[in-house]
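Trainee: Right, I'll just put the structure down here and ask away after.
The values are calculated or read from the model by the stated rules, or taken from the named source; none is laboratory data. These numbers come from a predicted model, not from an experiment. Note that we place each Cβ from the backbone using ideal geometry, even for glycine, and neighbour counts take in every protein chain shown. Heads up: the accessible areas ignore ligands, DNA and RNA and are worked out on the full protein's heavy atoms, side chains in. Shrake-Rupley method; radii C 1.70, N 1.55, O 1.52, S 1.80 Å.
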Amino acid sequence: MYRMMTLALACLVAFQAPALQAQDGPLRLEIKEGVIEPMPFAVPDFVPESGAAEELSRNIARVVAADLSGTGLFREISQDAFISRVTSFSSPVQFADWKAINAQALVTGAVAVDGSGRVTAKFRVWDVFAGQELGSGLQFVGTVDGWRRIAHKVADQVYSRITGEGGYFDSRVVFVSETGPKDNRAKRLSIMDYDGANLKYLTDSSSIVLAPRFSPTGDRVLYTSYESGFPRVYVLDVASVSRRLLESQDGTMSFAPRFSPDGRTVVYSLIQGGNTDIYTMDIATGASQRLTNAPSIETAPSFSPDGRQIVFESDRSGTNQIYVMNVQGGEARRISGGTGQYGTPVWSPRGDYIAFTKQSKGRFHIGVMRVNGEEERLLTASFLDEGPTWSPNGRVIMFTRETQGAQGQSRLWSVDITGRNLRQVQTPGGASDPSWSPLQ
């Protein structure tokens with residue numbers, strides 16, 4: 001309910017979707033027009049190269065397969081269908097056996113654990129029909145406790161080699177965990193892997209927290225807290241879980257913060273004298289600059305990836321719409337043009353799209369539009385969808401979905417920018433206000 005609370009305080013080119021390159025060329029999943037069947041792929045259990053690596057070998061392979069399948073671009077072939085068994089990382093691949101079960105891509109790997117607990121995972125990606133390796137073999141080294149991150153790194157490499165785009169699996173999400181009844185929810189900041197694993201709590205539930213936002217390097221989080229009775233912006237160090245209050249004037253309320261691309265500046269909304277405007281603040285010095293000065297409500301600001309522009313939400317036209325202005329402020333141009341109300345705009349890390357929340361005809365939607373407002377595309381529709389955040393590669397959006405009624409609950413969902421791969425993100429309870437980190 002972040003958007004609703006902040007207001008109270010104050011698509012893709014030609015519908016891109018995956019398309020496969022012709023079979024007589026090298027294997028490549030190209031992000032292009034059209035809707036096709038996901039690419040069939042196989043991931044046999046990785047080969048254990050030490051006695052302590054047997055379980056890890058299976059687990060790492062399963063996470064790699066789950067990462068790829070979760071994109072909607074790939075379809076895993078069941079191991080029950082395998083004809084060949086991979087028993088050695090260096091053995092030649094029997095391509096005919098993999099062709100027979102229609103595997104177009106094959107991922108093989110091996111895992112070893114040394115006496116100090118160091119894990120080494122190596123892998124190869126194969127184009128089955130061409131009978132050749134995609135790229136060169138690669139290995140990652142980590143600890144036993146960090147085996148999931150190793151698996152995500154492998155999956156990122158496989159995804160990148162097949163699609164030609166960066167992956168997003170080795171990333172985290174900070175969000176608000178929610179417990180209790182709808183009219184009296186306890187909230188605390190939490191952090192997890194992008195797929196819901198390795199959940200940790202960053203704050204207790206003694207006060208309301210809202211809108212956590214990762215820094216560009218993923219080591220800090222901005223958020224709004226009501227522990228003083230009024231909304232105040234804090235910055236938290238993820239590793240040490242230490243925090244500090246950002247400077248604010250007496251008699252003001254600040255909220256909706258976001259980092260600049262270089263991590264040195266925060267843009268946020270501030271209520272002073274009954275007026276809600278957008279400000280920036282130098283984190284090191286506390287020096288602030290006012291960017292808007294209007295009787296309307298200006299909120300939910302977000303920097304462009306190059307740091308030159310800010311997109312924000314305003315009701316200056318009479319309804320909530322999306323505007324873009326120079327980073328120094330000045331005249332803003334409206335980019336939303338459809339019917340309904342728009343809010344919570346967020347610039348894609350690729351710089352090509354802006355995601356937003358839209359309310360129209362009694363339904364809420366997550367959508368995307370070009371930075372000039374063209375090619376608007378609604379990706380979801382429900383009783384309440386809001387608060388989009390982008391994956392590091394700009395291909396997936398995570399958001400909050402709340403169900404209707406007295407027993408309704410907020411959960412995290414994700415959808416790709418074609419709108420065809422809608423999935424619930426696993427969390428142990430209620431969850432809202434996600435913010436996706438960059439790749440670790």
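Trainee: Do we find that Val128 is under 19 Å from the mean Cα position of the chain (by Cα) and open to solvent by less than 10 Å² (accessible area, probe 1.4 Å) in this structure?
Mentor: So Val128 does not fit the description; no.
Trainee: Now, a different point. Just to be sure before I move on: is Arg411 basic (Lys, Arg), surrounded by fewer than 22 Cβ atoms within 10 Å (Cβ to Cβ), modelled with pLDDT of 95 or more and within 23 Å of Ala256 (Cα to Cα) in the structure I sent?
Mentor: When the stated conditions are applied, Arg411 passes them.
Trainee: For segment 335-364, what are the residues that are basic (Lys, Arg) and in a loop (DSSP other than H, G, I, E, B)?
Mentor: Our first condition is that a residue be basic (Lys, Arg); within segment 335-364, this holds for 350, 358, 361, 363.
Arg350, Lys361 - these are the residues of segment 335-364 that are basic (Lys, Arg) and in a loop (DSSP other than H, G, I, E, B).
Trainee: Let me ask something additional. If you scan segment 34-53, which residues turn out to be at pLDDT below 95 and surrounded by 15 or more Cβ atoms within 10 Å (Cβ to Cβ)? Full working, then the answer.
Mentor: Residues of segment 34-53 at pLDDT below 95: 34-38, 50-52.
Answer for segment 34-53, where residues must be at pLDDT below 95 and surrounded by 15 or more Cβ atoms within 10 Å (Cβ to Cβ): Pro38, Ser50, Ala52.
Trainee: Working only within segment 80-105, note down all residues that are modelled with pLDDT of 95 or more, touching a Phe, Trp or Tyr at 6+ places or on another chain (Cβ under 7 Å) and either closer than 28 Å to Thr143 by Cβ or of a type in the set (Gly, Ala, Ser) (or both).
Mentor: Within segment 80-105, Ala103, Ala105 qualify.
Trainee: Pick from Glu374, Glu402: which is among the charged types (D, E, K, R) and either buried (at least 22 other Cβ atoms within 10 Å of the Cβ) or in contact with a strand residue (DSSP E or B) (Cβ under 9 Å, 6 or more places away or on another chain) (or both)?
Mentor: When all the criteria are applied, what remains is Glu402.
Trainee: Among the residues of segment 66-80, which ones are surrounded by fewer than 23 Cβ atoms within 10 Å (Cβ to Cβ) and not in a loop (DSSP other than H, G, I, E, B)?
Mentor: Residues satisfying the conditions are Ala66, Ser69, Gly70, Arg75, Glu76, Gln79, Asp80.
Trainee: Is it fair to say Asn393 is touching a strand residue (DSSP E or B) at 6+ places or on another chain (Cβ under 7 Å), more than 21 Å from Ala211 (Cβ to Cβ) and either open to solvent by 30 Å² or more (accessible area, probe 1.4 Å) or part of a loop (DSSP other than H, G, I, E, B) (or both)? Please lay out each step first, then the result.
Mentor: Values: touching a strand residue (DSSP E or B) at 6+ places or on another chain (Cβ under 7 Å): no; more than 21 Å from Ala211 (Cβ to Cβ): yes; either open to solvent by 30 Å² or more (accessible area, probe 1.4 Å) or part of a loop (DSSP other than H, G, I, E, B) (or both): yes.
No, not satisfied.
Trainee: Here are some residues: Arg220, Arg258. Which one is open to solvent by less than 50 Å² (accessible area, probe 1.4 Å), basic (Lys, Arg) and under 25 Å from the mean Cα position of the chain (by Cα)?
Mentor: Being open to solvent by less than 50 Å² (accessible area, probe 1.4 Å), basic (Lys, Arg) and under 25 Å from the mean Cα position of the chain (by Cα) holds for just one of Arg220, Arg258, which is Arg258.
Trainee: Specify the residue that is least open to solvent (accessible area, probe 1.4 Å); the eligible residues are those in segment 135-156 that are of a type in the set (S, T, N, Q) and more than 18 Å from Glu55 (Cβ to Cβ).
Mentor: Result: Ser136.
Trainee: Against the conditions (1) within 15 Å of Phe140 (Cα to Cα); (2) polar (S, T, N, Q); (3) buried (at least 18 other Cβ atoms within 10 Å of the Cβ), where does Thr120 fall short? Just the number, please.
Mentor: (3)
Trainee: Here's something else I'd like to know. If I filter segment 289-296 for residues that are over 30 Å from Arg333 (Cβ atoms) and of a type in the set (Ser, Thr, Tyr), do I get at least one hit?
Mentor: We begin by selecting, within segment 289-296, every residue over 30 Å from Arg333 (Cβ atoms); these are none.
There is no residue in segment 289-296 that is over 30 Å from Arg333 (Cβ atoms) and of a type in the set (Ser, Thr, Tyr).
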